[in-house]
Each structure stands twice: as C-alpha cells, then as structure tokens.
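One structure is given here, and the rest of the page talks about it.
The values are calculated or read from the model by the stated rules, or taken from the named source; none is laboratory data. Since this is a predicted model, take the numbers as computed values, not measurements. Here the Cβ is made from the backbone with ideal geometry for all residues, glycine too, and neighbour counts use every protein chain on show.
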Amino acid sequence: MKIYYSALFAILFSPFIMAQGGNEDTSFKASADLKIIHTSVILDDRLDQLVFSIEVEGQAGASVPKAVGQMDGAPVLGYVFPTSLKATDVGFSATEGIVALALTSHPDFDDTPLWDEDNDSDYANDGVIWHPHWVVLIEDKRVAGGLAVKQFKSDNKEVSLPPTNPGMPMYMDSPGFPVITRGNTMRVVVPLFRMNHQTNFKFDAVAAYMQVNGSKSDLPMLGVYKVYSVASGNLSLPYQVSK
C-alpha cells in the first residue's frame, strides 16, 4: 500500500504535466486557505460517529471557484480525505481504487439533489456551498494531477451506488453529511452506520483543484488537475482514527 501511494505522489508532483485545468483560479496556488497544516478523524463513541477535520493556514473554505457558466469545464475545489476503506464500506459495489471523502465547492452545478444546503427551499442552487461526496479515485495520467473519479458505462448493471448518488456514471455519492466550518478548520460528521461501522482505517488529507469534462472523450469526466498541499507531505496515509 505504501509503495502504491508513493507512486501516486510522484505522479501528482511530476514536472511532466499533461492536460491542464484551464479554469483554475490562479490565486489558489498561493492561497493559505489551501495549505493543510493538520488533519484528524476522531471517534465519538457516545454518538457512534466520526468527525473528519482539516486545518489550514488561512481560512478554511474561504477560497471557492469562480463560475464559468456551464458544466463542461466547471471548476471544482476540494479538501479530500483519501482512505484505506473499501468501496463496499461506503455503499458502492466492490471495485478497485482509493475511497475518499471529498468536501467540494463548485458554483456551476448542484450535485446534491436531495439536500438544500443553504436552506432556501431550492435544492438545485447551492453547489458552491461546501458539501461532501464519497468517491473512488483511480490513477489517470491524462490529467495533470494524475487522478480521476472512477467512471463506468451507464448501462453497466453490475455497478451499484448508494441511493443518494447524484445520477452520474461515476463512483460518486452525495451523502448529505453536515459540513461545519469555523476559522481555519473544516469538519464533516459521518455516522458510523453510513460507513459500515469502520473505525480502523488509515487516511490522509489533500487540497486539490478538479475540473469537469463533458466534451472530450480522451479526458475523464472529473479529473484532478492540481494538488496544493498534502497533510503527510507524501500521500502515505499515515493517520489513524483516534478517540
């Protein structure tokens, strides 16, 4: 496992960059809001839930993408927790890849149709508000960040997703967990029964830029184009759940 993630780390920071995310905000690279300084996952055994946390140098969640007015090329900013969990732990059918909990912001579309994050009775207008997704990531050298959300053919009857998925042919779920931002810290609360009661897993934390592709067949639907910081420094998943 360490060798695999070390290889991915080398891809993420390789100088030989391929396809670029053309709609990335140039200010993100230097933003203290995207420089992770600490991460944790804490078990609250009184309430049977886990609290995932990321701390940054600046203000957590203060940096958000600028809308481009369409889905194709839409920018996505994320604080991502890669884990050693299995796909079946979070409701997907069995598949290979990195199961990650991604906290994202994207103003051009709303992929949480069951949830009204800004509580204005419109369920389709709050993609910019930070919200969680379970995703399965795989290596993809076609994009600069070296990773993409795993896709499947829409008619593949062997793939199953949780009923809260946003309806895209990717291993992605919109679980609706609460995201709380205070100062330099962003937290998300996950009930244990929503992740197969797993408390013995490893994880890391990454701040990254992603972009949607809806027109180019040689690129993934949602790829990682830039990594701004990695909590461990080398994507080794050294962190474990604590009480």
Q) Out of the residues in the range 55-76 that are out of contact with any Leu (no Cβ under 8 Å at 6 or more places or on another chain) and outside any loop (DSSP other than H, G, I, E, B), which is surrounded by the fewest Cβ atoms within 10 Å (Cβ to Cβ)? A) Glu55
Q: Taking the residues in the range 170-224 that are of a type in the set (Lys, Arg) and either more than 23 Å from Asn234 (Cα to Cα) or without any contact (Cβ under 8 Å) to a residue 40 or more places away in the chain (or both) as candidates, determine which candidate is surrounded by the most Cβ atoms within 10 Å (Cβ to Cβ).
A: Arg194
(Q) Looking at Met168 and the list (1) touching a strand residue (DSSP E or B) at 6+ places or on another chain (Cβ under 7 Å); (2) hydrophobic (A, V, I, L, M, F, W, C); (3) at pLDDT below 95, which single condition is not satisfied? (A) (1)
Q) Is it the case that some residue within the range 85-101 is without any contact (Cβ under 8 Å) to a residue 40 or more places away in the chain and outside any loop (DSSP other than H, G, I, E, B)? A) yes
Q. Out of all the residues in the range 114-151, which are of a type outside the set (A, V, I, L, M) and in contact with a Phe, Trp or Tyr (Cβ under 6 Å, 6 or more places away or on another chain)?
A. Asp116, Gly127, Pro132, Gly145, Lys150
Q: Would you mind listing the strands (runs of 3 or more DSSP E) fully within the range 143-236 where at least 1 residues are in contact with a helix residue (DSSP H, G or I) (Cβ under 9 Å, 6 or more places away or on another chain) and of a type in the set (Phe, Trp, Tyr)?
A: 206-212, 222-230
Q: Only residues that are among the aromatic types (Phe, Trp, Tyr) and modelled with pLDDT under 95: list them for the range 65-119, please.
A: Phe109, Trp115
